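Single-structure report; data block below.
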Amino acid sequence: MIDADDISRIVETLPEANRSGSSFEVNRRGFAWFYQEKVEGRRGRIEHPDVLAVRVADLTEKEILIAMDPEKFFTDAHYKGYPAVLVRLATIDTDDLTDLLSNAWRTRAPRRLVAEFDARANASA
């Protein structure tokens, strides 16, 4: 199963991205974080290190991911109407998670940084 160290290694490949506590961010804007479940009747939240919340471009992308593979992707009431999908880390491989995190990073990174990243990727292809 993918763990926090694996996620950190993926995030380190993204320009100016870093880990901050239980979240991953670029330019102080979170693009992924460990799921914090709100439990009825309890104060605070329960962190689930086996589930990662990941930003997506929009609600349509979220719905498509969940419909495509509901064992891998899901949501809960707290994330209703919010462009993030919950990912069961035991069900996703490194390549798919790398793509998902890269796309999430793009939703939060400054345009100039995305353009520089794409230019470097195109130059090396």
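Got a number for residues in the range 26-41 being out of contact with any Asp or Glu (no Cβ under 9 Å at 6 or more places or on another chain) and either small (G, A, S) or under 17 Å from V51 (Cα atoms) (or both)?
Within the range 26-41, the first condition is being out of contact with any Asp or Glu (no Cβ under 9 Å at 6 or more places or on another chain), and the residues that meet it are 28-30, 39-41.
Keeping just the survivors that are either small (G, A, S) or under 17 Å from V51 (Cα atoms) (or both) gives 30, 39, 41.
Residues in the range 26-41 being out of contact with any Asp or Glu (no Cβ under 9 Å at 6 or more places or on another chain) and either small (G, A, S) or under 17 Å from V51 (Cα atoms) (or both): 3 in total.
What is the number of the single condition among (1) surrounded by 12 or more Cβ atoms within 10 Å (Cβ to Cβ); (2) modelled with pLDDT under 95; (3) assigned to a loop (DSSP other than H, G, I, E, B) that G41 does not meet?
For G41, the failing item is (1).
How about the range 67-114: which of its residues are among the hydroxyl-bearing types (S, T, Y) and outside any helix (DSSP H, G or I)?
In the first step, residues of the range 67-114 are kept if they are among the hydroxyl-bearing types (S, T, Y); the result is 75, 79, 82, 91, 94, 98, 102, 107.
Listed by number, the residues that qualify are T75, Y82.
Across the range 61-76, which residue is surrounded by the most Cβ atoms within 10 Å (Cβ to Cβ) among those that are within 16 Å of the chain's Cα centre (by Cα) and of a type in the set (A, V, I, L, M, F, W, C)?
Ranking the candidates gives F73 first.
Being free of Cβ contacts under 8 Å to residues at least 60 places away in the same chain, more than 17 Å from G81 (Cα to Cα) and surrounded by 13 or more Cβ atoms within 10 Å (Cβ to Cβ) is the filter here; which residues of the range 13-35 pass it?
Within the range 13-35, N18, R19, S22, S23, W33, F34 meet the criteria.
I'd like to verify a number: residues in the range 93-118 that are of a type in the set (V, I, T) and over 12 Å from the mean Cα position of the chain (by Cα), how many? Can you show your working first?
Of the range 93-118, the ones of a type in the set (V, I, T) are 94, 98, 107, 114.
Narrowing further to those that are over 12 Å from the mean Cα position of the chain (by Cα): 94, 114.
Result for the range 93-118: 2.
Would you point out the residue of the range 86-123, among those that are in contact with a helix residue (DSSP H, G or I) (Cβ under 7 Å, 6 or more places away or on another chain) and surrounded by fewer than 19 Cβ atoms within 10 Å (Cβ to Cβ), that is nearest to V26 (Cα to Cα)?
Across the range 86-123, the extreme among qualifying residues is R106.
Name the pairs whose Cβ atoms lie under 7 Å apart, with the first residue in the range 37-53 and β-branched (V, I, T), the second surrounded by fewer than 12 Cβ atoms within 10 Å (Cβ to Cβ) and not in a strand (DSSP E or B), and 6 or more positions between them or separate chains?
I46/V39
Going residue by residue through the range 78-87, is there one that turns out to be under 17 Å from D5 (Cβ atoms) and within 15 Å of the chain's Cα centre (by Cα)? Walk me through it before giving the result.
Filtering the range 78-87 for residues under 17 Å from D5 (Cβ atoms) gives 87.
Narrowing further to those that are within 15 Å of the chain's Cα centre (by Cα): 87.
Yes, the range 78-87 contains a residue that is under 17 Å from D5 (Cβ atoms) and within 15 Å of the chain's Cα centre (by Cα).
Which of the residues belonging to the range 1-38 are outside any strand (DSSP E or B) and of a type in the set (D, E)?
Of the residues in the range 1-38, the ones outside any strand (DSSP E or B) are 1-16, 21-22, 27-28.
D3, D5, D6, E12, E16, listed by residue number.
D58 versus (1) more than 20 Å from R19 (Cα to Cα); (2) surrounded by 12 or more Cβ atoms within 10 Å (Cβ to Cβ); (3) of a type in the set (D, E, K, R): which is the lone unmet condition?
Result: D58 passes all but (2).
The values are calculated or read from the model by the stated rules, or taken from the named source; none is laboratory data. Please read these numbers as outputs of a predicted model, since none were measured by experiment. Here the Cβ is made from the backbone with ideal geometry for all residues, glycine too, and neighbour counts use every protein chain on show.
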